[in-house]
Every structure is written in structure tokens, then in C-alpha cells.
Amino acid sequence: MKNLNFYCLLMLLLAGCATEKPEKIGENADVIYKEAEILLARHNYEDAAKKFKDVDAYFPYAEKASRAQVMAAYCHFKSGSYADAISAVDIFLRYHPSHNLVPYAMYLKAMSLYVAVSSVGRDSQQAKDAKKCFVELINKFPNCKYVNDSIKRIIILDDIIAAHELMIGRYYQKNRNALAAIGRYDYVLTDFSGTKSAEEALYRMVECCRSIGLSKQAELSAKLFKERFPNSSWKIN
């Protein structure tokens, strides 16, 4: 009798568990996806992200499951949760490398890094990471619709990275470490020659070379400076 009572109790518990899932997430993937879209339209990004994640969590083989992953990442991006957006994109790319949303997912990851870049700060690594993502997108999908915007973002990121390197070079120069400063200025001139920082980097290069007796290098740099920037406000004798 005791065994029978235990069996009945177990059946009731299992039945309760079986009905919890539909009550929690709705009838099917399409229903939850639609609910998530409504929340998104209302700019309720955090709750929309949770709903999109429910689609993937409870219906991983549904047609919209993979798309829901990308939409969850987009919601995180819109809410300013850039780290969560990047994480969601990485998971999507890991499991769906051939999906037609891959270009957009890569662009979304790059943008999540890009918008978090704080101009010229102490660390330019995030700007470098963002640039790497944009470059990877362009190389993999040269004909996708995100290429033109990615190129524009790369130009801005190059300016930020170059300005950061120039700032470090100035610091070394101010502290009389000319060789370290020259290394930074040379990096700007080699890898970011088309940026706004190139002009000052070349001018500072002349100063540093002269300060440590590198006469030949200083002369060549001065000649190049006058050729490239004939109307510069910085004057080299």
C-alpha cells in the first residue's frame, strides 16, 4: 500500500513538471518569438532578450532558434549590455558558422566593441579588437551590405589607435626616453600613415632623433616631413 501511495505521488509530481514548461514559455517557438518581438518593439530590450533566449533554450531545433540567438544579442546591444551581446554572438557563431545571419552577427559584435571604445584612453586594445572584427568581416564577406560602414569605422578606429600611440610617444619623449618614443612614432608612421596623428608623429621623430644624435635619421625624417606636410603649423629648421 505504501509503495502504491509513493507511486501515485511520484506520478503527480512528474505531471506537474510536465505542465510547467508550456505554462512558462507558451505553446511553441513561434509564440515565444512573437512575444519577444512585441517586447522589442516596445523597447523593453532586457525582457525581449530573455524571451529570445527562451526560444533557443526550450526549442533548440526550431526554425527560429538560431535567429533568436542573434536577436537576443541585438537586444543586449540596444540595452547597452555590450559584453552580453558579444557573448551571445560568439555562441551563435560557434554553432552556426554557415548561417545566413553570420555577416550581421559579426557586424553586431564589431559594433558592440566599437561603441564601447572611449576615444583616446589608457588602453587602445578595445579599439584594436573592434578593428580586427571589422577587418575579419570585410575579408570573409567582401560583398555584404555592412562593408562600407565597416570601412568608415576602421578609419575612425585607426585615428583613435594612432592618437593613443602618439600620446604614449609624447610621454616617453617628455621623460627623456627618446628610443622608446621613436618606437611609438615609427609605429604610427608605419601602420597609420594616413591618420591625423602622422604629421605630429613625424615631427616628434625629428626632435627625438636630434636629441640623441641620430643626425642622418633626423635629416631624412625632416625632409620627409617637409614633403608630406608643406603647410604644417610645425616648422622644422
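Worth a mention:
- For the range 58-71, 3J(HN,Hα) per residue [Karplus equation, 6.51 cos²θ - 1.76 cosθ + 1.60, θ = phi - 60°, Hz, x = Gly/Pro]: 9, 10, x, 9, 6, 4, 8, 4, 5, 5, 4, 4, 5, 5
- Helix 215-228 vs. the chain, principal-axis angle (Cα, 0 to 90°, nearest 10): 70
- Mean separation of Cα contacts under 8 Å (6+ apart) over length of the range 121-237, as relative contact order %: 18
- Estimated distance in nm for a label pair at Lys196 and Tyr95, the labels positioned 7 Å out from Cα along Cα-to-Cβ: 4.4
- For the range 76-140: rounded, prolate or oblate by the Cα gyration tensor [a/c cutoff 1.5]: oblate
- Extension gain, Lys50 back to Met167 (0.36 nm per residue minus Cα-Cα distance, nm): 37.9 nm
- Between the helical axis of 2-25 and the longest alpha-carbon principal axis of the chain there is an angle of about 50 degrees.
- Environment charge of Trp234, counting only residues whose C-beta is closer than 15 Å and scoring Lys/Arg +1, Asp/Glu -1: +4
- Treating r as the C-beta distance of Asn177 and Asn143 and R0 as 41 Å, the FRET efficiency rounds to 0.30.
- Over the range 168-208, Cα pairs under 8 Å with separation of 6+ residues give a relative contact order of 38 percent.
- 13 Å beta-carbon shell around Ala178, net charge (K/R +1, D/E -1): +4
- For Lys128, solvent-accessible area (1.4 Å; no DNA, RNA or ligand), Å²: 70
- Links that overshoot a 21 Å alpha carbon limit, given the list Lys53/Lys140; Lys109/Lys152; Lys50/Lys78; Lys109/Lys131: Lys53/Lys140
- The mean sequence separation of alpha-carbon pairs under 8 Å and at least six residues apart, normalised by the residue count of the chain, gives a relative contact order of 9 percent.
- Summed residue charge, Cβ within 15 Å of Met111's Cβ, Lys/Arg positive, Asp/Glu negative: +2
- The C-alpha atoms of the chain define a longest principal axis, and helix 178-191 lies at about 60 degrees to it.
- Anisotropy class of the range 80-237 from Cα gyration tensor, a/c 1.5 cut: prolate
- With the simple model of a label 7 Å out from the Cα in the direction of the Cβ, Ser232 to Ala83 spans 4.2 nm.
- Overall form of the range 34-114 per C-alpha gyration tensor (a/c, 1.5; a/b vs b/c): oblate
The values are calculated or read from the model by the stated rules, or taken from the named source; none is laboratory data. These numbers come from a predicted model, not from an experiment. Please note: Cβ atoms are built from the backbone with ideal geometry, for glycine as well, and neighbour counts cover all protein chains shown. Accessible surface is based on the protein model in full, side chains and every heavy atom, while ligands, DNA and RNA are left aside. Shrake-Rupley method; radii C 1.70, N 1.55, O 1.52, S 1.80 Å.
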